[in-house]
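S.K.: After the structure tokens below, expect a handful of questions from me.
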Amino acid sequence: MHEKTLSHGLWAVTAPAPPETRNLKGEVKADVAVIGGGFTGLSAALHLAEAGSAVALLEAREIGFGGAGRNVGLVNAGLWLMPEEVEKKVGPVYGARLVEVLGHSPDLVFELIEKNNIPCEAIRKGTLHCAHSPGGYRGLQQRETQWKARGAPVRLLSREQAAAEIGSESFYGALLDERAGTVQPLAYAYGLAKAAQQAGASLYTESPVSDYSRERDVWRLTTPEGTVIARSVILAIQGYPDFAFRDHRQAVIPFNFFQFATPPLPEAVRKTILPGGQGAWDTHLILSSYRLDQAGRLIVGSVGQVENGGYRLHEKWALRTIGKIFPQIGETQLEYAWNGCIAMTVDHIPRFHVLADNMVMVTSYNGRGIGPGTVFGKLLAEYALGGAVQDIPLPVTKQKGVFLRGLRGLFYETGARAYHLLQRRVL
Ligand SMILES: Cc1cc2nc3c(=O)[nH]c(=O)nc-3n(C[C@H](O)[C@H](O)[C@H](O)COP(=O)(O)OP(=O)(O)OC[C@H]3O[C@@H](n4cnc5c(N)ncnc54)[C@H](O)[C@@H]3O)c2cc1C
């Protein structure tokens, strides 16, 4: 999984062996073709195969190549937006259902992990959303009120309680969400892939769909050395659309996020950081994430990319940030660095597109895709098995290019670089 050294970082090193796959050669017939080997595609393939459907999954590169193998591993409930905002933006027909379904999304993730014995460092002890300012704390109070009104087990922690849970005096409080947890994301993707294979799905890697056409009532998907003929197609390509689907990039704003990992911390220090086993992130606009892996490495992430000239700047910021937030660590080094691209929409709401007859796609989880990808994969599988569009808790929308997409992406990237440069000077 080292196509680029900065792509999957620590996760590529600590994941178990990937599933055995091969590239597609010759012609294959399937009931459903799934394009993309991330959480959405793998969950769709698993649920389709379990229902007895003949499934062929085509992945352009490797399982977990996209966001699935690069992310922070926070299995959070819901979306970034607060429930009321989601309900307002999605509208009365689907809003409340979307909040309800995604509020329970960690349940499906941890059920699949348990049922299929997926070795992915899974811990379900909640996550902590940490207030970086008094304004951030007020936002968390609103979140608590809104989620509690919907029966969710969330709890606002005072400054002192948060300090004990995080192992840092740097925050004004935190919201503990007991529905959530953490995983080693690439290992989770590998586990889903192996479970799908065991259920009977055929997974093809290094098999990019470079062309597709409709022939009477079936789809013909072309890869460099093969073809899949299928009745239905599920497109699960998120922030990494490529080859035949390159132009789908126009519909999302690229939002890069990097992570750095320290070597394993000494046991005495490790016990003082996130001692309850939660993963954490903060309320800042240029947000940062903090978590430990199973070996006790601290992983710190934030907005920006370590490729294209960003490495040194973000590395210095990460070292200063670790020193400030967790001074008990003392001098440390950074062993791994990697980044990925998040598919964002202007309103931060995912999209459901019916691209053509029997060709559907859910995309743009806006950085919250472990639970949503797993859930939407299952829902898309049910749809392909004969469900109705109304069963997907999102309105069907037409795919549209984002106005000034490139500039918006540049705005995030330069904003993050400027902020990290400034912050490393003042810390
Ligand atoms: C750095 C980062 C941090 C994140 N942190 C979190 C987090 O902590 N918690 C959380 O819930 N979410 C997080 N996310 C979001 C989450 O990772 C994504 O939402 C999730 O990976 C989406 O899964 P997916 O299966 O839909 O798409 P992806 O995982 O992006 O997979 C899409 C796949 O489609 C393949 N593909 C594209 N074009 C073709 C083609 N023509 N033919 C065949 N295959 C093709 C790609 O190669 C890719 O493997 C983060 C994302 C990033 C990038």
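Bear in mind that the values in this text are calculations on the coordinates, not laboratory data. In this text the structure is predicted, and so the values were computed from the model without any measurement. All Cβ positions, glycine included, derive from the backbone under ideal geometry; neighbour counts span all protein chains shown.
S.K.: Given just the C-alpha atoms of the range 28-81, how large is their convex hull per residue in cubic angstrom?
M.R.: 103
S.K.: Right, next: Going by average Cβ neighbours within 10 Å, how do the peptides 58-69, 234-245 rank, with the highest at the top?
M.R.: Packing proxy ranking, top to bottom: 58-69, 234-245.
S.K.: Express in whole angstrom the spacing between the alpha-carbon centres of the range 1-76 and the range 328-370.
M.R.: Measuring centre to centre over Cα atoms gives 15 Å.
S.K.: Continuing with the same structure: Treat every Asp and Glu Cβ in the range 27-116 as -1 and every Lys and Arg Cβ as +1, leave all other atoms uncharged, and give the resulting dipole magnitude about the Cα centre to the nearest 20 debye.
M.R.: For the range 27-116, the charge dipole is close to 220 debye.
S.K.: Only Cα pairs within less than 10 Å get springs; with that Gaussian network setup on the chain, which residue of Glu27, Glu87, Glu165 has the largest fluctuation?
M.R.: Looking only at Glu27, Glu87, Glu165, the biggest GNM fluctuation is shown by Glu27.
S.K.: Which order do the peptides 280-286, 387-393 come out in when sorted by mean C-beta neighbours inside 10 angstrom, highest first?
M.R.: 280-286, 387-393
S.K.: Roughly how tilted is helix 5-14, in degrees to the nearest 10 and between 0 and 90, from the longest Cα axis of the chain?
M.R.: 80
S.K.: With each label point set 7 Å from Cα along the Cα-Cβ vector, what nm distance links Asp107 and Ala149?
M.R.: About 2.2 nm, to one decimal.
S.K.: Still on this structure, I have one more. When the Kirkwood radius is taken over all Cα pairs of the range 84-191, what Stokes-Einstein diffusion coefficient follows at 10 °C and 1.306 mPa s, in µm²/s?
M.R.: For the chosen part, D equals 103 µm²/s.
S.K.: If I take every Cα pair under 8 Å that is 6 or more residues apart in the chain, average their sequence separation and divide by the length, what percent do I get for the relative contact order?
M.R.: It comes to 24 percent, rounded to a whole number.
S.K.: Work from the charge dipole of the chain (Cβ charges, +1 for Lys and Arg, -1 for Asp and Glu, about the Cα centre) and give the residue of Tyr190, Leu6, Thr414 farthest towards its positive end.
M.R.: Thr414
S.K.: Follow-up question, since we're still on this one. For Ala418 and Lys115, what is the calculated FRET efficiency with R₀ set at 60 Å and r taken between the beta-carbons, to the nearest 0.05?
M.R.: 0.85
S.K.: To the nearest Å, what is the center-to-center distance of the range 222-261 and the range 93-148, using C-alpha atoms only?
M.R.: 26
S.K.: Looking at the chain, what % of the alpha carbon pairs are farther apart than 41 Å?
M.R.: Pairs farther apart than 41 Å: 12 percent.
S.K.: Just Asn308, Asn366, Asn76 to compare: in a GNM of the chain, with alpha carbon springs under 10 Å, which one fluctuates most?
M.R.: Asn308
S.K.: If you stretched the chain out fully between Arg22 and Glu169, how much longer would it get, using 0.36 nm times the residue separation minus the C-alpha to C-alpha distance?
M.R.: 47.9 nm
S.K.: Does a label point 7 Å from the Cα of Val389, set along Cα-to-beta-carbon, have any residues of the range 308-349 with amide nitrogen under 20 Å, and which are they?
M.R.: Within reach of a label on Val389: 349.
S.K.: Any idea what the dipole of the range 194-343 comes to, in debye rounded to 20, about its Cα centre with Lys/Arg Cβ at +1 and Asp/Glu Cβ at -1?
M.R.: 340
S.K.: For the range 179-248, report the % of Cα-Cα distances exceeding 20 Å.
M.R.: Cα-Cα pairs of the range 179-248 separated by over 20 Å account for 45 percent.
S.K.: So, R0 is 41 Å and r is the distance between the beta-carbons of Arg214 and Arg97; what FRET efficiency does that work out to, to 0.05?
M.R.: My answer for the efficiency is 0.85.
S.K.: Between Lys88 and Lys125, how high is the FRET efficiency from 1/(1 + (r/R0)^6) when r is the Cβ-Cβ distance and R₀ = 30 Å? Nearest 0.05.
M.R.: Step by step, r from the Cβ atoms, then E = 0.45.
S.K.: In nm, what is the difference between 0.36 nm times the number of residues separating Ala51 and Thr272 and their Cα-Cα distance?
M.R.: Residue separation times 0.36 nm, minus the Cα-Cα distance, leaves 75.0 nm.
S.K.: Evaluated at 10 °C with a viscosity of 1.306 mPa s, what Stokes-Einstein diffusion coefficient in µm²/s does the range 1-131 have when Rh comes from the Kirkwood expression over alpha-carbon pairs?
M.R.: D = 92 µm²/s.
S.K.: Okay, moving on. Relative contact order of the range 31-177, please, whole-number percent, based on alpha carbon pairs below 8 angstrom and at least 6 residues apart.
M.R.: Across the range 31-177, relative contact order equals 16 percent.
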